[in-house]
Amino acid sequence: MANAIIVGMQWGDEGKGKIVDLICPAFDGVVRFQGGHNAGHTVRFADRHFSLHLIPSGILHPEMQCVLGNGMVVAPPAFFAELERLEGAGVRPGGRLFVSDRAHALLPWHVELDQAREAALGAQAIGTTARGIGPAYEAKASRHGLRLGGLGSDRLEQVLAVEHAKVGAEVSALGAPAPTPVAEVVRLCREWAERLDPLLADTEALLAGWVEEGRSVLFEGAQGALLDLDHGTYPYVTSSSSTAGGACTGSGVPPTAIDGTLGVLKAYTTRVGGGPFPTELVDETGEFLRRRGNEFGTTTGRPRRCGWLDTVVARYARRLNGTGALALTKLDVLDELDELRVCTAYDIDGRETRDFPADLARLERARPVYRTVPGWRRDTAGTLELEALPEAARAYVHLIEEEVGARVDLISTGPRREE
């Protein structure tokens, strides 16, 4: 059986959760390998609607085994709240949900530091979700973080004192209130350890066993390729590896066990927060896409910035992720437009390029080179066959394939699983 990675081909919010929900019955397990509760995956089927932030979308299938990998940072209160919402909706994760004991804990201090930094930056703020993700990853990289398996450690107070001192010095310099006292965080960690204990596992060994047994695994990415810490629009990025390479480091499964990637691409482009966005539309068309596409963050509720499809971005993401197949989402959002524009290259200082620049200043000067194509002006919502799409819609799909260099193997024409 194949092991595959689901990745976002833009700045996130492409519809990865829906695609995972759709195809995971072909697999034996689903693994989240990076990020924290800054991610938001929305799944709809029949008259049901779920918003997931930490737990893999596969949890909605009663027999699916789900793993939170070592590459994640987990805020226990957010995790417990998500569990309770699922259980209240009749979803029973018991016995099939495993949390890596190597994943790092996101502590109250990380949230306090994140918010203090964003407030201090003012107009230059990165636009984080202010949920402490970056500071939690910083603690991990600086080797003074706390793993979930260490929440009940005898050395807990000693470890937390180091982190408290570092955070306290910075928030004080930023003029923010003092961080939560060490004693309070120690108490919380003890409580979390007790509640998490039945779910914690050596997930690296667990997944190695699945692979050796020939069981198939689907790896669920969060955010998108252009938010990757190394390859995204730095510094306007997330704090983890959201490209396909992160699936291996974030789960412990070796690259030799991965058989392919499926890239999820929205039929237009959106992003949340700060940073360059060459095809952004700050006009009526942009507002139309936001309203019709319901482009508001699943995690924060913030309105997303909207623009035309950027195939320079998608080509770059295809190369980074080794993507040969695409899932195209929200095609139906474009139904009412008379014409569409697709960015195929950038003009930077009078020179045209089809490559995505690493230098932020060059990207900010990039002007999109558009190809204009006719719209279809027909309702495609719920269409399930390629041949049933209007000719102009099929032409749009083929243009994407040509420009990105990958097949469109799935097309979503509505928010529900059935579409």
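Just so it is clear, none of the values below were taken in a lab; they were calculated from the coordinates. What you see is a predicted model; the values in this text were computed from it and never measured. Cβ coordinates were reconstructed from backbone atoms using ideal geometry, including for glycine residues, and neighbour counts include every protein chain displayed.
Shape verdict for the stretch 323-413, please, from the Cα gyration tensor: rounded (a/c under 1.5), prolate (a/b greater than b/c) or oblate.
Note, shape of the stretch 323-413 comes out prolate.
Looking at the chain, which longest stretch skips every one of the trypsin sites (Lys or Arg not before Pro) that is in a DSSP loop with at most 10 other Cβ atoms within 10 Å, leaving the sites themselves out?
Details: sites that count: ARG143, ARG155.
That would be 156-419.
Over all distinct Cα pairs, what is the inverse of the mean 1/r for the stretch 24-178, reported as the Kirkwood hydrodynamic radius in Å?
Numbers: mean 1/r = 0.0593 Å⁻¹.
This gives a value of 16.9 Å.
Which one of ALA388, ALA267, ALA257 has the biggest mean-square fluctuation once the chain is modelled by GNM with Cα springs under 10 Å?
Most flexible of the set in this elastic network: ALA388.
Cα to Cα, under 14 Å, and not fewer than 8 places away if on the same chain: which aspartates and glutamates meet these conditions relative to LYS330?
Correct list for LYS330: ASP13, GLU14, GLU295, ASP379, GLU418, GLU419.
Run through the DSSP bridge list for the stretch 4-125 and note the antiparallel percent, rounded to the nearest 5.
Numbers: 5 of 15 bridges.
Within the stretch 4-125, antiparallel bridges account for around 35 percent of the total.
Report, by chain and number, residues whose modeled amide H sits under 5 Å from the one on ILE411, excluding near sequence neighbours (fewer than 5 apart, same chain).
LEU328
Over the stretch 231-326, what is the relative contact order in whole percent, taking alpha-carbon pairs under 8 Å and six or more residues apart? Can you show the working numbers first?
On the way: 103 pairs, mean separation 34.4, N = 96.
For the stretch 231-326, the relative contact order is 36 percent.
Find how many whole Å separate the alpha carbon centroid of the stretch 341-356 from the alpha carbon centroid of the stretch 8-54.
Between the Cα centre of the stretch 8-54 and that of the stretch 341-356, the gap is 32 Å.
Indicate, rounded to the nearest 5 percent, the antiparallel portion of the DSSP beta bridges found entirely in the chain. Mind showing how you got there, number by number?
Working: 22 of 58 bridges.
Restricted to the chain, the bridges split so that about 40 percent are antiparallel.
Could you work out how far the C-alpha centroid of the stretch 64-79 sits from that of the stretch 371-394, in angstrom?
39
Report, in deg cm²/dmol and to the nearest 500, the calculated mean residue ellipticity at 222 nm for the chain, where each DSSP H run with n ≥ 4 adds -39500 (n - 2.57) and the sum is divided by the residue count. Each step should come with its number before you reach the end.
On the way: 12 runs with 131 residues, N = 419.
Helix contribution divided over all residues of the chain: -9500 deg cm²/dmol.
Between VAL369 and LEU410, take the C-beta separation as r, use R0 = 25 Å, and let me know the FRET efficiency to the nearest 0.05.
Working: r = 28 Å, r/R0 = 1.12.
Step by step, r from the Cβ atoms, then E = 0.35.
Using amide H atoms built 1.01 Å from N in the peptide plane, name the residues 5+ places from ARG147, or on other chains, whose amide H lies under 5 Å from its own.
For ARG147, the qualifying residues are ALA105.
Let me know the Rg and Dmax you get for the chain when you use only its Cα atoms, in Å.
21.4, 66
Show me, for the stretch 277-292, the HN-Hα J-couplings you get by feeding each phi into the Karplus relation (A = 6.51, B = -1.76, C = 1.60, θ = phi - 60°), rounded to Hz, glycine and proline as x.
These are the phi-based 3J(HN,Hα) values: 8, x, 9, 4, 10, 10, 9, 4, 5, x, 5, 4, 4, 5, 6, 5 Hz.
Going through the stretch 60-98, which GluC sites (Glu not before Pro) have at most 16 other Cβ atoms within 10 Å and a DSSP loop state?
Working: sites: GLU63, GLU82, GLU84, GLU87; in loops: GLU63.
Loop-located and lightly packed - GLU63.
Taking 0.36 nm per residue of separation and subtracting the Cα-Cα distance, what length does fully extending ARG291 through ALA358 add?
Stretched out fully, the ARG291 to ALA358 stretch lengthens by 21.0 nm.
Pop out the ³J(HN,Hα) list for the stretch 254-267 in order, Karplus 6.51 cos²θ - 1.76 cosθ + 1.60 with θ = phi - 60°, rounded to Hz; leave Gly and Pro as x.
These are the phi-based 3J(HN,Hα) values: x, x, 5, 8, 8, 9, x, 10, 10, x, 9, 10, 6, 6 Hz.
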